[in-house]
Amino acid sequence: MSVELPSFAEAALSDGRLLLEADRLVRDGLGDRRASFELRLDALPRHAGFAVVCGMHAFEDRLGGETVNPAAFDEAARLLGLSDATVTRLRAPRFRIDVDAFPDGTLAFAGEAIATIEGPLVEVLLAATTSLALVRRATRTATAAARLSIAAEGDALVEIASFEDASREGAALVARAAYVGGFEATANPVASALAGIPLRATASRVLASLEGRGDSPSNDAGSWSSLPTELWALLTRCDDEASLVEMRRHGTRPTGWVAPSLALDEPVIASDLVALEEGGAWRPHAGSTHPGRKIVARYFDSQARPLCDIVHFAEERIREPAAVGAELFETLARPVLRQGRAAGSSEAPREARLRARAGRLKLSAEVLHLRDPARYPVDATDAVRASRDRPARTSKRGAS
């Protein structure tokens, strides 16, 4: 079973401004102009040395079936006065977009484009805008989970933050992101089933006290024994990594912890139109603060430990490892969609979780600090730096 997410056009039904913008592009004959949008990590939360990318699975999960519910869309179109051409376009079986993105579980740093979405302008606009909030939330949750995992120093963690989400999709998103970030399991059975991650739960101690039993009965779906008193005490005594570190400092050493909250300042992830096609060639969009199509290369030493990341323009030759004192490199984004179809087989959440864990193990200890971490080096080529230094030209119609 997988997380059920609304299609890009279906998600846009809640944003009348976005639909009107799409309608204007179609009416003005700009809807088919090829465009490139970035989802970019502009800033990390305070005291965070890294972010764990998550939520990119949404692009694949929104494939297939009708793009919108016909009845709901007809009513939205009537209320907003959308053109027939816009209605027909958004009812198409799928969006014709290409997506390259950092795989879930990749460690990312400020200044990096974590996803590139390309295709017809109106479709890319809807896909980028409706995916932004989901990627923000999933990345924030996965990053908070990774920090708690560092603080737990190998003790198992179970999330219950998803209990607070009223929607099945939202609960599954939170539970999956926590698992990718480093948690062992969720105590939410619906989220476990939808996201395909382990379930760990024990019965409430209220029932045990009513029946006069000293130990709570176990409903554990895995191999754990009944959870220790210290674990359940965490429900009211600890909701962040600082509290967890303090409890451990005072000698609390359970076999696992329950995390009732995954609170963390939001990573600043922006959606930005960076390039438009003109005469068969890509041109940087003058209204962007970071114009041009870009890729990120990560450089490693001989032990496969990351040394630095460098942002390149897509048309530039990747800088040789020897030029930065490295042994090898890899570009971080991978094909996710091509013309709206999956570019490869879907990845299980466990693979993303292992990727995040491996990334933390190889990262410098100073960057992993929970307070005042060192800054991981992120550089850019001369051409990229020069483009950022130019003042952006704005117009009333940014896509023109």
Practice problem: Output yes when any residue across the stretch 301-308 is buried (at least 21 other Cβ atoms within 10 Å of the Cβ), at pLDDT 95 or above and closer than 29 Å to Arg355 by Cα, and no when none is. | Solution: yes
Taking the stretch 259-295 and the residues there that are in contact with a Ser or Thr (Cβ under 7 Å, 6 or more places away or on another chain) and among the β-branched types (Val, Ile, Thr), the one that is farthest from Ala128 (Cα to Cα) would be Ile295
Expected single match for more than 20 Å from Leu273 (Cα to Cα) and surrounded by 24 or more Cβ atoms within 10 Å (Cβ to Cβ) among Arg62, Arg94, Arg46 is Arg62
A careful count of residues in the stretch 363-400 that are within 29 Å of Asp61 (Cβ to Cβ) and at pLDDT 90 or above gives 1
message: Being part of a loop (DSSP other than H, G, I, E, B), at pLDDT 95 or above and not polar (S, T, N, Q) is the requirement here; does Glu351 meet it?
response: no
Note: among His312, His369, His285, just one is over 20 Å from the mean Cα position of the chain (by Cα) and closer than 24 Å to Leu126 by Cα, namely His285
Flagged in the stretch 321-343 as touching a Lys or Arg at 6+ places or on another chain (Cβ under 9 Å) and under 30 Å from Phe95 (Cα atoms), in numbering order, are Glu330, Thr331, Leu332, Gln339, Gly340, Arg341, Ala343
Problem set entry | Residue in the stretch 80-88 that is outside any helix (DSSP H, G or I), at pLDDT below 85, farther than 22 Å from Tyr376 by Cα and of a type outside the set (Lys, Arg) present | no
The number of residues in the stretch 116-174 that are among the hydrophobic types (A, V, I, L, M, F, W, C) and part of a strand (DSSP E or B) is 4
- Task: Determine whether the stretch 273-293 contains at least one residue that is buried (at least 18 other Cβ atoms within 10 Å of the Cβ), in the same structural domain as Arg40 (by TED's automatic domain parsing) and under 30 Å from Tyr179 (Cβ atoms).
- Result: no
Asp165: passes all of (1) assigned by TED's automatic domain parsing to the domain that holds Ala58; (2) over 24 Å from Leu337 (Cα atoms); (3) not β-branched (Val, Ile, Thr) but (1)
In the stretch 67-84, anything surrounded by 13 or more Cβ atoms within 10 Å (Cβ to Cβ) and over 13 Å from Gly16 (Cβ atoms) is listed as Thr67, Val68, Asn69, Asp74, Ser83
For the stretch 340-358, check the following and say yes or no: at least one residue is surrounded by fewer than 18 Cβ atoms within 10 Å (Cβ to Cβ), hydroxyl-bearing (Ser, Thr, Tyr) and more than 22 Å from Leu44 (Cβ to Cβ). yes
What do you reckon, is Ala58 over 27 Å from Ile295 (Cβ atoms), in a helix (DSSP H, G or I) and in the same structural domain as Gly287 (by TED's automatic domain parsing)? no
The condition of being closer than 23 Å to Gly170 by Cα and without any contact (Cβ under 8 Å) to a residue 60 or more places away in the chain holds, among Asp61, Asp84, Asp104, only for Asp61
Of Ala171, Ala128, Ala146, Ala178, the only residue that is of a type in the set (A, V, I, L, M, F, W, C), within 27 Å of Leu337 (Cβ to Cβ), over 13 Å from the mean Cα position of the chain (by Cα) and buried (at least 24 other Cβ atoms within 10 Å of the Cβ) is Ala146
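The values are calculated or read from the model by the stated rules, or taken from the named source; none is laboratory data. Keep in mind that what you see is a predicted model, and the values were worked out from it rather than measured. Cβ: placed from backbone, ideal geometry, glycine included. Neighbour counts: every protein chain shown.
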